[in-house]
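Just below is one structure, and these are the notes that go with it.
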Amino acid sequence: MKKALICGAGGFIGEHLVKKLKREGYWVRGVDIKAQEFAPTQANEFLLLDLRNPENCRIALTLQGDAFDEVYQLAADMGGMGFISRAECEVLHNNALINIHMVHTAAEVRVPRYFFSSSVCVYRDMQPGEAALRENDAIPANPDNEYGWEKLYAERVAMAYGRRYGMQVRIARFENCYGPEGTWRGEREKAPAAICRKVAEAEDGATIEAWGDGTAIRVFTYVDDLVEGICALMQSDLEGPVNLGSDEQVTVADLVRTVIGVSGKKIDVQCVPGPVGVQSRNFSKARITSLGWRAKYSLKEGIARTYPWIEAQVKQARVAVTHI
Ligand code: NAD
């Protein structure tokens, strides 16, 4: 039986990955600074640890009389554009510590395979219609935010340790990921969850606010597709960073329309200024699709699975407030 360590297992993608590896017959230890918020973890073992501390990285990586076959590093201090732009010092400081200490300790204890969750935030801003950027086009670098700079640095740290210690390092640059059991309120939620929440909270016929003018181009990847991609990449021999996301490019206005359509409500949208982030995204998927991976869910199908979950959370939160 393979043994896997998932760092960030108390978070959105981490817990979906726990479930996927458990279905595949792995023994899984999850580690996070906080417990899973929405459902009990399915990991065989779950340790509450702050991975900024190197001693805690060692505890996370120690298995009595045994060793991990695979380590998945998804722990990060992160959130939507509002959080990333407001908390840039925390993002740089906390994520650099987690990534440096985790990869250093993993290499020291001779982990054979190490996965690092990077982001397409490592790329520069793009204009609509530009040709797709390949992984090597991230250099010379000009990420739009500090979160992206740290990811780029952490990629290089992971690759250097891989070379020095003979550790197989796999790196995925995730595009925006969404789905049930993701953060949906409190500033750390991403655009799909924020729009679902606003629509779920709104009365039929009401107006909601959306940041920006709606023209920014994005790719949103449903969490089941992303987790399939992580596993395909981890088992592959693809070295270096790999873009991982759907091929469906949409505008933010398309996203809002899709959510409203799924809700069945009549909602008007008022565009307001806000931290929108980059104008456009278009990344080559040649490397990940060479493994036979393809996103299965369209945005509409993914939102149809996500909106009802967020709507239920909104209703539950209202009931909780009524009972205080
Ligand atoms: P998430 O916030 O739900 O999960 C990250 C987890 O890391 C959280 O549970 C958090 O508590 C944990 N964490 C933070 N600081 C920690 C610490 N000091 N010690 C231990 N755990 C700590 O985010 P997610 O969406 O599941 O993202 C997972 C990974 O994927 C992150 O590395 C993120 O940067 C990357 N990523 C996500 C997206 C996306 O759209 N969700 C896009 C690009 C990259």
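The values are calculated or read from the model by the stated rules, or taken from the named source; none is laboratory data. Since this is a predicted model, take the numbers as computed values, not measurements. Backbone-built Cβ (ideal geometry, glycine too); neighbour counts: all protein chains shown. Heads up: the accessible areas ignore ligands, DNA and RNA and are worked out on the full protein's heavy atoms, side chains in. Shrake-Rupley method; radii C 1.70, N 1.55, O 1.52, S 1.80 Å.
List every residue pair whose Cβ atoms sit under 9 Å apart, with the two residues 6 or more apart in sequence or on different chains, where the first one lies in segment 172-192 and is outside the structural domain of SER117 (by TED's automatic domain parsing) and the second, anywhere, is open to solvent by 40 Å² or more (accessible area, probe 1.4 Å) and assigned to a strand (DSSP E or B).
ALA191/TRP211
I'd like the residue in segment 302-324 that is surrounded by 15 or more Cβ atoms within 10 Å (Cβ to Cβ) and among the charged types (D, E, K, R) and, out of all such residues, is farthest from THR183 (Cα to Cα).
Among those residues, the one meeting the criterion is ARG305.
Condition (residue is modelled with pLDDT under 95 and hydrophobic (A, V, I, L, M, F, W, C)) applied to segment 64-71: is it met by at least one residue?
No, that holds for no residue.
Can you spot a residue in segment 140-148 that is of a type in the set (A, V, I, L, M), at negative phi and open to solvent by less than 10 Å² (accessible area, probe 1.4 Å)?
no
Only one residue in GLN36, GLN73 is among the polar types (S, T, N, Q) and either farther than 20 Å from VAL157 by Cα or more than 20 Å from the chain's Cα centre (by Cα) (or both), so which one is that?
GLN36
Would you check which residues across segment 81-93 are open to solvent by less than 40 Å² (accessible area, probe 1.4 Å) and either near the ligand (Cβ under 9 Å from one of its atoms) or out of contact with any Lys or Arg (no Cβ under 6 Å at 6 or more places or on another chain) (or both) and list them?
GLY82, ILE84, ALA87, VAL91
Considering every residue within segment 160-170, establish whether at least one is under 26 Å from CYS231 (Cα atoms), within 17 Å of the chain's Cα centre (by Cα) and open to solvent by 10 Å² or more (accessible area, probe 1.4 Å).
No; the residues of segment 160-170 include none that is under 26 Å from CYS231 (Cα atoms), within 17 Å of the chain's Cα centre (by Cα) and open to solvent by 10 Å² or more (accessible area, probe 1.4 Å).
Working only within segment 94-130, note down all residues that are in a helix (DSSP H, G or I) and away from the ligand (no atom under 14 Å from the Cβ).
Matches in segment 94-130: HIS104, ALA106, ALA107, GLU108.
Filtering segment 1-11 down to residues that are of a type outside the set (D, E, K, R) and more than 8 Å from the ligand (Cβ to nearest atom), which residue is farthest from GLY186 (Cα to Cα)?
If we take residues in segment 1-11 being of a type outside the set (D, E, K, R) and more than 8 Å from the ligand (Cβ to nearest atom), then MET1 is farthest from GLY186 (Cα to Cα).
Output the number of residues of segment 158-204 satisfying the condition of being among the charged types (D, E, K, R) and within 16 Å of the ligand (Cβ to nearest atom).
Number of matching residues: 10.
Does ARG218 satisfy being open to solvent by 30 Å² or more (accessible area, probe 1.4 Å) and within 15 Å of the ligand (Cβ to nearest atom)?
Here the answer is no, as ARG218 does not meet what is asked.
It is to be established whether one or more residues within segment 12-23 are at pLDDT 95 or above, within 10 Å of the ligand (Cβ to nearest atom), of a type in the set (A, V, I, L, M, F, W, C) and open to solvent by 20 Å² or more (accessible area, probe 1.4 Å).
Scanning segment 12-23, I find at least one residue that is at pLDDT 95 or above, within 10 Å of the ligand (Cβ to nearest atom), of a type in the set (A, V, I, L, M, F, W, C) and open to solvent by 20 Å² or more (accessible area, probe 1.4 Å), so the answer is yes.
Just name the residue that is nearest to the ligand (Cβ to nearest atom) out of those in segment 29-69 that are in a loop (DSSP other than H, G, I, E, B), open to solvent by 70 Å² or more (accessible area, probe 1.4 Å) and closer than 19 Å to LYS3 by Cβ.
GLN42
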